[in-house]
1. Could you list, in sequence order, all residues of segment 86-112 that are surrounded by 15 or more Cβ atoms within 10 Å (Cβ to Cβ) and at pLDDT below 95?
2. Being more than 9 Å from the chain's Cα centre (by Cα) and under 18 Å from Val174 (Cβ atoms) is the filter here; which residues of segment 122-135 pass it?
3. Going through segment 137-163 one residue at a time, which ones are touching a strand residue (DSSP E or B) at 6+ places or on another chain (Cβ under 9 Å) and farther than 19 Å from Ile175 by Cα?
4. Look at Ala159 and say whether it is without any contact (Cβ under 8 Å) to a residue 24 or more places away in the chain, buried (at least 22 other Cβ atoms within 10 Å of the Cβ) and among the aliphatic types (A, V, I, L, M).
5. Only one of (1) without any contact (Cβ under 8 Å) to a residue 60 or more places away in the chain; (2) surrounded by 17 or more Cβ atoms within 10 Å (Cβ to Cβ); (3) of a type outside the set (Val, Ile, Thr) is not met by Lys37, so which one is it?
6. Evaluate segment 51-70: report whether one residue or more is part of a loop (DSSP other than H, G, I, E, B) and among the charged types (D, E, K, R).
7. Being of a type outside the set (D, E, K, R) and under 11 Å from Leu41 (Cα atoms) is the filter; apply it to segment 57-71 and report the residue that is nearest to the chain's Cα centre (by Cα).
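The values are calculated or read from the model by the stated rules, or taken from the named source; none is laboratory data. Predicted, not measured: the structure shown is a model, and the values here were computed from it. For neighbour counting, all protein chains shown are included, and Cβ atoms are generated from backbone atoms with ideal geometry for every residue, glycine included.
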Amino acid sequence: MMQGTTILTVRDKNSVVVAGDGQVSMGNTIVKQTAKKVRRLAEGKVIVGFAGSTADAMTLFERLEAKLKEYNKNLLRASVEMAKDWRTDRYLRRLEAMLVAANKEITLVISGTGDVIEPDEGIAAIGSGGPYALAAAKALARNTDLGAREVVEKAMHIASEICVFTNENVLMEVIDLEAG
């Protein structure tokens, strides 16, 4: 499991939200509190969040962006093709990061071991605070009438209270599923 962050995505009937905290740690020291770990790709149609090495994640963002162009913004196909390259390419397989990617149709967790996983219930999390955010988000989504944005806000807050590598400076990106 990648340490040092929390990335959470929640999908409901109206929207998909991807959020990441802003903390960057080196060992036991916080060196930055407002990092941007969530980005938009494919002309804003895809939201991607990362956990792990920043330089490695930027390389993966570039690779995924290229695959999205190659496969006409088809997130599933682009992710599978990138994961194949990531697993088999000598340089890429040394990259230490994980990605969560979402568009209007699908949410995926992508790893360097070749995993491209569509999570149950449209909820996924990665990073050191991921298990806490995931548990909180699932409980909130199942037992309240909150929308995706509110579930993410509350779950990220809970993760920040538990994980020392996660803070409350959360950056959220939202795709409205009802917009044309």
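1. Just the residues of segment 86-112 that are surrounded by 15 or more Cβ atoms within 10 Å (Cβ to Cβ), to begin with: 86, 92, 95, 97-104, 106-112.
Trp86, Leu92, Leu95, Ala97, Met98, Leu99, Ile110, Ser111, Gly112 - these are the residues of segment 86-112 that are surrounded by 15 or more Cβ atoms within 10 Å (Cβ to Cβ) and at pLDDT below 95.
2. Gly122, Ile123, Ala133
3. Lys138, Leu140, His157, Ala159, Ser160, Cys163
4. Numbers: without any contact (Cβ under 8 Å) to a residue 24 or more places away in the chain: no; buried (at least 22 other Cβ atoms within 10 Å of the Cβ): yes; among the aliphatic types (A, V, I, L, M): yes.
Against the criterion (without any contact (Cβ under 8 Å) to a residue 24 or more places away in the chain, buried (at least 22 other Cβ atoms within 10 Å of the Cβ) and among the aliphatic types (A, V, I, L, M)), Ala159 does not qualify.
5. Single failed check for Lys37: (1).
6. Initial filter on segment 51-70 (part of a loop (DSSP other than H, G, I, E, B)): 53.
Next, from what is left, pick out any that are among the charged types (D, E, K, R): none.
Scanning segment 51-70 turns up no residue that is part of a loop (DSSP other than H, G, I, E, B) and among the charged types (D, E, K, R).
7. Quick first cut of segment 57-71, residues of a type outside the set (D, E, K, R) only: 57-61, 64, 66, 68, 71.
Checking which are under 11 Å from Leu41 (Cα atoms) leaves us with 61, 64, 66, 68.
Details: Phe61: 12, Leu64: 13, Ala66: 18, Leu68: 17 Å.
Looking at the filtered set, the residue picked out is Phe61.
For every residue, the table says whether it meets (1) of a type in the set (S, T, N, Q); (2) more than 26 Å from Ile158 (Cβ to Cβ).
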{"position": "Leu8", "(1), (2)": "no, no"}
{"position": "Asp12", "(1), (2)": "no, no"}
{"position": "Val17", "(1), (2)": "no, no"}
{"position": "Gln23", "(1), (2)": "yes, no"}
{"position": "Lys32", "(1), (2)": "no, no"}
{"position": "Lys36", "(1), (2)": "no, no"}
{"position": "Arg39", "(1), (2)": "no, no"}
{"position": "Ala51", "(1), (2)": "no, no"}
{"position": "Leu60", "(1), (2)": "no, yes"}
